[in-house]
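Heads up, the thing below is written out as structure tokens.
The values are calculated or read from the model by the stated rules, or taken from the named source; none is laboratory data. Since the model is a prediction, treat every value here as computed from it, not as a measurement. Don't worry about glycine lacking a Cβ; one is built from the backbone with ideal geometry, like all the others, and counts go over all protein chains shown. Surface accessibility is based on the protein's heavy atoms, side chains included, excluding ligands, DNA and RNA. Shrake-Rupley method; radii C 1.70, N 1.55, O 1.52, S 1.80 Å.
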Amino acid sequence: MSEQAHAPEHPAYPVGLRLAGRRVVVVGGGQVAQRRLPALIAAGADIVLVSPSATASVEAMAASGEIRWEQRRYADGDLAEAWYVLVATADATANDQVSAEAERRRIWCVRSDDATAATAWTPATGRSDGLTVAVLTGRDPRRSAAVRDAIVEGLRDGTLAARHHRTNTPGVALVGGGPGDPDLITVRGRRLLAEADVVIADRLGPRDLLDELPPHVEVIDAAKIPYGRFMAQEAINNALIEHAKAGKAVVRLKGGDPFVFGRGMEEAEALAAEGIPCTVVPGISSSISVPGAAGIPVTHRGVAHEFTVVSGHVAPDDERSLVDWTALARLRGTLVVLMGVDKIGAIAQTLIAGGRDPRTPVALVQEGTTAAQRRVDATLATVAQTVIAESVRPPAVIVIGEVVAIGNPPA
């Protein structure tokens, strides 16, 4: 046996290729090329595909001008001026010929059929927030993909902290934390939390996430900001501005969605007035998610073709109310009331007086999506008494409409 055969296998040397504007040749237009081409296109490579046939997706890339397709078999000389080549045909002889030309021209060559004959290996690659993760495990591509997936998932959901150091820009992110279950915050919201210097949190935000923050992060309970001569919202705005101007990355963690009865726009306007960068991260609104968690669809074929979300923090007969309750009473669809537990009696009476059937089903879902969630059912005629008898407390989402009666209430 040769000396080379006895030599230990050396690990691949990892490197990032900058292929923008550089010629890349792909031989073969099948499923392998279909998977690999998007990344080469994203890298800005000047791609030439050599193949007598191609999948519909690859053909669409050629039709759109993302790649140039020479519809024929490989011929010696096709790799001239190339920087990188991908061999992805089912013809072993053709693959060997391409590899031989690449070797003569000293061009890095990836082979989908035989990794041992290749001079380069394609890593399992993933991206998150401008970061590229590439994993090589020799000849075990499934393990590479599993490791890649675990790292990318951790970066996206914030469980794997990778804070910016050179590019972290001070500013404020208005993050919708969702209805309460910490798993229901968006991937981007969780990542921004992991990168924050200061978190100003609402009472209704996903509190469990705060325990996961690194010890250096300053967590401020918005309900405990000293208000002094300021209104509560003005004090919160001032706190956001103060910390952002101090060069901190600030997250304003809000329950649900920042712009669904969350006063997020007031905070965004205050930050804009001070020239402070502001990012809005939408959240899952409790108006949809909490009914769903309780087994109630806000729309259902043949039952409700629309749903309306309304704030119940102001009673129908209050001069400050902006809601046309009489118009709502005439609607046939679902009515979702937020912040209305203490006003539900007056709301129910107004809806009935406006023409809504007193027998209309009502569900009150308290602490939705959390371990303390409970559902209490009633009708418009009985809901006021039911709230008292069952000691329903905020936060609770109230669902009014025939969708409440679909299926059996969860045990």
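Structural remarks
- Each residue of region 50-65 is assigned a 3J(HN,Hα), and the resulting list reads 10, 5, x, 9, 7, 5, 4, 5, 5, 4, 5, 5, 5, 5, 7, x Hz, derived from the Karplus form 6.51 cos²θ - 1.76 cosθ + 1.60 (θ = phi - 60°), x at Gly and Pro.
- Carbon plus sulfur fraction of accessible area for the chain, probe 1.4 Å, in percent: 52 percent
- If you sort Val152, Val15, Val260 by accessible surface, 1.4 Å probe, largest first, the order is Val15, Val260, Val152.
- Net charge of Cβ neighbours under 15 Å - reference Asp357; Lys, Arg +1; Asp, Glu -1: +3
- Straightening the chain between Ala232 and Gln31 buys 66.5 nm, computed as 0.36 nm per residue apart minus the Cα-Cα spacing.
- Per residue, the accessible area of region 11-62 comes to 51 Å², computed with a 1.4 Å probe over protein heavy atoms only.
- On the basis of the beta-carbon distance and an R0 of 45 Å, Ala353 and His300 show a calculated FRET efficiency of 0.95.
- Sites matching trypsin sites (Lys or Arg not before Pro) across region 21-126 that sit in DSSP coil, with at most 14 neighbouring C-beta atoms within 10 Å: Arg72, Arg73, Arg106
- Potential lengthening between Leu131 and Ile41 on full extension [0.36 nm per residue; Cα-Cα distance subtracted]: 30.6 nm
- In the context of the full set of protein chains, residues of region 220-375 present 50 Å² of accessible surface per residue (probe radius 1.4 Å, heavy atoms only).
- Length gained when the stretch Ala372-Ala92 is fully extended (0.36 nm per residue, less Cα-Cα span): 94.6 nm
- Shown is the FRET efficiency for Gln385 and Val314, computed with R0 = 25 Å from the Cβ-Cβ distance and rounded to the nearest 0.05: 0.65.
- Dividing the summed -39500 (n - 2.57) terms of all DSSP H runs of n ≥ 4 by the residue count of the chain sets its mean residue ellipticity at 222 nm at -8500 deg cm²/dmol.
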